[in-house]
Amino acid sequence: MPDRPERIISLSPAITETLFMLGLGDRVIGVSAFCARPEEARRRRRVGSYSTSNASLLMEMKPDLILVETGYQRALALELSSEFSVYPFALPVSVSGIIDTIVKVGLVVDEPERAWQLSHELNRKASQVRPVGRNLKAYVEIDLGGPVSFGAHSYITDAFHLAGASTLFDHVRSEWLTPDLEEVKSANPNVLFYEAKMYSKFGRQDLELMLDERKWREMDAVKGGSCFLAPGPLDFLAHHGPSFITEALPWLSERLTLALETM
């Protein structure tokens, strides 16, 4: 790895957002097709997706460093490392892990002071979230090519705990899982969060239709009007960059407060 990389390619949307929030956008020469935050990142050359890349294009661009994440990008990281300097960051399993990743990015690109400053700001932001009460039992689902929910090893689950709610699968020792929809119905959560696939035009009417199709109308969350659709069209809860703390976490806390008021 170079001591101070000047030509950086980031294939992780979270790492890309971090680099720009650190004021290092001028050193980012390429991104993945899913790197949409901030808007300026969309103007960088797209060199791949979550798990693929254009090898000839990468050779042409001559990056000093390629940044990826473990998990879904592990195989890609191993493949690219035969030709390029590659640094993989571990997927965060908690809200504090998101902040810790920012510090690690700063250390890798030789900007520790900027990273420390941003991490301190986000720590203050996260500390402003007040727990609403653990009597709320939430079900959260994200469309990642099919219904996905989250277990104990997810920053999403940790965010619900930070906001004072339990989740349906927070006892399951995994990051994500494919939920049994009948099991969800039987568990009868009193608040429901749904996030549509990135860039889809899924709206409130689509959510209502989905509830009908699944026969979830008798669920406490539905009867109490506590079904919340995440803002689109970008990944919202599914995005674990700095904006998860500045945007998603306050939004989540506000909706849980609303749900508690209707109980």
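What follows draws every value from the coordinates through simple rules; no lab data is involved. Here the structure is a predicted model, which means the values were calculated and not measured. When we count neighbours, we look across all protein chains shown, and the Cβ atoms used for this are built from the backbone with ideal geometry, even at glycine.
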Work out which trypsin sites (Lys or Arg not before Pro) in the chain are exposed loop sites (DSSP not H, G, I, E or B, at most 13 other Cβ within 10 Å) and give the longest gap free of them.
-> 1-133
Spacing of the two label points (7 Å from each Cα toward its C-beta) at ARG204 and GLU247, in nm = 2.1 nm
When all Cα-Cα pair distances of the range 137-261 are considered, the percent exceeding 20 Å is 38 percent
Which is the longest stretch in the chain that no exposed loop site breaks, taking sites as GluC sites (Glu not before Pro) with a DSSP loop state and at most 15 other Cβ atoms within 10 Å?
-> 84-217
Placing +1 at every Lys and Arg Cβ and -1 at every Asp and Glu Cβ, with all other atoms neutral, what dipole size does the range 137-261 have around its Cα centre, in debye to the nearest 20?
-> 120 debye
Estimated 222 nm signal from helices in the chain, with DSSP H stretches of n ≥ 4 weighted -39500 (n - 2.57), rounded to 500 | -10500 deg cm²/dmol
At what distance in angstrom do the alpha carbon centres of the range 212-258 and the range 1-50 lie from each other?
-> 28 Å
Using DSSP to define loop residues, name the chymotrypsin sites (Phe, Trp or Tyr not before Pro) in the range 170-263 whose beta-carbon has at most 13 other beta-carbon atoms within 10 Å.
-> TYR199
Counting Lys and Arg as +1 and Asp and Glu as -1, each charge on the Cβ, what is the dipole of the range 8-126 about the Cα centre in debye, to the nearest 20?
-> 300 debye
Just SER81, SER96, SER253 to compare: in a GNM of the chain, with alpha carbon springs under 10 Å, which one fluctuates most?
-> SER81
One can check that the equivalent ellipsoid of the range 8-126, built from the alpha-carbon gyration tensor with semi-axes equal to the square roots of five times its eigenvalues, has lengths in Å, largest first, of 23, 15, 13
Would you mind classifying the range 1-74 by shape? Square roots of the alpha carbon gyration tensor eigenvalues, ordered a ≥ b ≥ c; an a/c under 1.5 is rounded, otherwise it is prolate if a/b is larger than b/c and oblate if not.
-> rounded
Cβ charges +1 (Lys, Arg) and -1 (Asp, Glu), total dipole of the chain, debye | 260 debye
With each pseudo-label sitting 7 Å past Cα toward Cβ, what's the GLU121-ARG42 distance in nm, one decimal?
-> 2.2 nm
